[in-house]
Structure formats: structure tokens, C-alpha cells
Amino acid sequence: GAASKGEYRHYMLKEIFEQPEVIEAVLEGRLSAGSVLVESFGPDAQALFQRARQIHVIACGTSFHAGLVARYWLERYAGVPVQVEVASEYRYRHPVVPEGTLFVALSQSGETADTLAALRFAKTLGYIGSLAICNVPGSSLVRESDVALMTRAGPEIGVASTKAFTTQLVALMLLTLAVAKVQRGDDHRDIVEVLGTLPGLCRQVLALNGQIEALSQAFAEKQHALFLGRGAHYPVALEGALKLKEISYIHAEAYPAGELKHGPLALVDSEMPVISVAPNDDLLEKLKSNLQEVRARGGQLFVFADENVDITGQEGIQVLTLPYVHEALAPLLYTLPLQLLSYHVAVLKGTDVDQPRNLAKSVTVE
Ligand code: G6P
């Protein structure tokens, strides 16, 4: 009921603002002395991760986007090849499973029909084992997987997933650290340290709420929007576009910024707002030239940028700065302003934010 929304107008906003504490919760007791505790994944995890020559990740919706981020992390920081696929495709093709492959299913609810069916199908394909990353202990997905890690986000009521996504990302970073530790003896101490500072960084970003609300005015009358990101921020852009579609009903697409010239640039004019995330990483210069291409076509740019990045607001470019964060964790932080942006656009448009039309919180039938 309304009471449990507390001071917030919608569950979605409440859940966005819960992220600092639930990120703390998902980390609780899983790190020690600058290193991840592999046994957080259960007693059998050490042996299983040791044998994992590659990883297949299966999920739907927002959880699929978390999987896409994890692919960048697992390949870069653990050196393990990863494939990520939506469950509804995976279960109906004839996937080839190389020897030594670990199956990972991601799901907030643990009851999504396609994801469950994919897990059951995977059991016939010779994987070394299955890992569920899930928010609901005792769910079908958790019960049927060999090992599991809970995301501890607490109940998520808003149909558009927010805190479930960011806690999945933290869980997937823990997986990345666990695999790197078991297979390479690499603790990634720098990442472990920054993980502890994430809740505080999230609070700083959530303090931009008022500015993001002001920015949202520019979207209320728009029919379309384009989200751009590069590297691990491409899935962040995908998730930003999904949020806008789900609750504001504005048609939104996400592209890896380098692909702009191969199609979407044809759509860019003054009626097409372009939202981009610009963390301070080695793709920054490339991203900046992609943004120039948008400006040159009259596209209105909205950029969420690292405080040390020299992208300045000017005619046609609005910039909101985020605190510096280690690049490994930037996808987590840059998700927050995109959640807030969709939320405020939806409120302006007067849609049913927590119960968007035609969508369900958990899709338990095919
Ligand atoms: C539905 C929800 C999405 C969610 C997806 C997967 O479509 O509306 O928010 O991302 O299901 O759900 P799961 O519980 O498996 O993460």
C-alpha cells in the first residue's frame, strides 16, 4: 500500500533511492582483507569456478543487460570467454557447449518462464554446472541451480527494475573477482577497495535528482530518444533506453557510439534527444568525436560525464557531472542518472510509473 512507499511518490523512486543500502547489503560478508570470499557462492563454487573455461550467461529484460556488462568484466578482469543471450532465443536454438562451460542464469524473481526453461534445457547440454544470481531465495531458479548468489535487494515492486539491476551488477563483479582469484590468483585489490566506496558514490549521484528532474522537461514532448555508450557502457545505454520505453512510452534505442555512423545518424535532427554516458575511460576521446557527429546534425545532447572530463555545456549540449569512479565500477554509477531521468519523464507524462501498461513484474508464462 501507499504507506510502504514512505516519503516517496512511487515505489520506483523509493527503490532508486534504496540503492546505496542494498549495494552495501550485497557486499556484506563477501569481501575480506582486500579479496572476495569465493565461498560466498557456496561450498562447491571454488571447484566449479576452477574448471570454468568459458561462461554462458542467460537472462531476460533488465537482467540480460546486467549479463552484457558482466561479459566486459569477466573477459577483461578474469580472462574467461563469455557469451550472453536472451533466454527465449537460447532455449529454441541448438547451442554448442564447449567442454568446461559454466551456465549462469540471472533473474530478479527466479520465476521467469523463459529463464527457467533455459536452465532446464541447459542441464541436458553437458555444462560443468549452473550458477543462479537471483534476488529471491527459495525461487525455482535458485532451487534448481547447483550454486547460487543472492542479490539481497529486498522486494522490488516497481515493474521497471532498478535496484535489482545494480545489485546484480555488484554480484556479477563479485563473480568476476571470484573467477579471477581462483583461476589466476589475482585479487584485483584496487577494485575490491573501490567496491566499499560505491554506496557513498551512489549517494552523491542521487543528490543530482533535482538537476535531472529539471533536465527531464526537455523529453516530455519528444517521440524518440537515442542512448549512446561505449564498452561496458553500451549495455548501460541499453538499460537506459529500456527504462525510458517501459515507463514513459517514448521510443528509445541504444547504440554503441562507434556504430552511429552505420545507421542511426540518419535519424538525428533537432527533434532527437541523444543521451550519452561519458565516464573517464580509454574510450573517452572516441566517444567525444561520436558526440561531435551528433552535434553537427543538430542533435540535442545530454551527457552524463565524469567530473574530470572536458566536455562543457554549450548550445545544444547539456552536461551533468558525476564524481570520479574507478572505471571497473563506472557502469554501476552511470546507471543511476538514467533511471532518474526515465522516472521524471514518466511522471511529467503522467503515466502509471509503477505499473506500466502491458508489462508484468514477473513473466511466469511463455
Ligand atoms: C519482466 C520485468 C523486467 C525484468 C524481466 C526479467 O519483463 O518487467 O523488469 O527485467 O521480466 O525478470 P527477472 O525476474 O527474470 O529478472
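The values are calculated or read from the model by the stated rules, or taken from the named source; none is laboratory data. In this text the structure is predicted, and so the values were computed from the model without any measurement. Cβ atoms come from the backbone with ideal geometry, glycine included; neighbour counts cover every protein chain shown.
Residues are listed down the side, and each one gets a yes or a no for (1) closer than 22 Å to Gln211 by Cβ; (2) within 16 Å of the ligand (Cβ to nearest atom); (3) under 22 Å from the mean Cα position of the chain (by Cα); (4) at pLDDT below 90:
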| position | (1), (2), (3), (4) |
| --- | --- |
| Phe302 | yes, no, yes, no |
| Gly313 | yes, no, no, yes |
| Leu332 | yes, no, yes, no |
| Asn358 | no, yes, no, no |
Query raised in the report: Checking Tyr90 against (1) within 16 Å of the ligand (Cβ to nearest atom); (2) of a type in the set (Phe, Trp, Tyr); (3) under 30 Å from Asp187 (Cα atoms), which single condition isn't satisfied?
Result: (3)
Query raised in the report: Scanning for something closer than 17 Å to Phe49 by Cα and surrounded by fewer than 20 Cβ atoms within 10 Å (Cβ to Cβ), does segment 159-176 turn up at least one residue?
Result: no
Requested in this report: Determine which member of the set Thr162, Thr151 is within 13 Å of the ligand (Cβ to nearest atom), among the hydroxyl-bearing types (Ser, Thr, Tyr) and within 20 Å of Ala78 (Cβ to Cβ).
Outcome: Thr151
**Report entry** Check on Ser161, in contact with a strand residue (DSSP E or B) (Cβ under 6 Å, 6 or more places away or on another chain) and of a type in the set (Gly, Ala, Ser)
**Finding:** no
Query raised in the report: Which is among the hydrophobic types (A, V, I, L, M, F, W, C) and within 16 Å of the ligand (Cβ to nearest atom), of Leu48, Leu74, Leu131?
Result: Leu131
Query raised in the report: When residues of segment 315-334 are filtered for being outside any helix (DSSP H, G or I) and either among the charged types (D, E, K, R) or closer than 22 Å to Leu172 by Cα (or both), how many remain?
Result: 4
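Name the residue that is nearest to the chain's Cα centre (by Cα), counting only residues in segment 41-67 that are in a helix (DSSP H, G or I) and of a type in the set (A, V, I, L, M). Talk me through it step by step, then tell me what you get.
To start, the set of residues in segment 41-67 that are in a helix (DSSP H, G or I) comprises 41, 45-51, 61-67.
Checking the rest, the ones that are also of a type in the set (A, V, I, L, M) come to 45, 47-48, 66.
Values: Ala45: 24, Ala47: 28, Leu48: 25, Ala66: 4 Å.
Result: Ala66.
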Query raised in the report: So, of the residues in segment 339-356 that are touching a His at 6+ places or on another chain (Cβ under 9 Å) and assigned to a loop (DSSP other than H, G, I, E, B), which turns out to be nearest to the ligand (Cβ to nearest atom)?
Result: Asp354
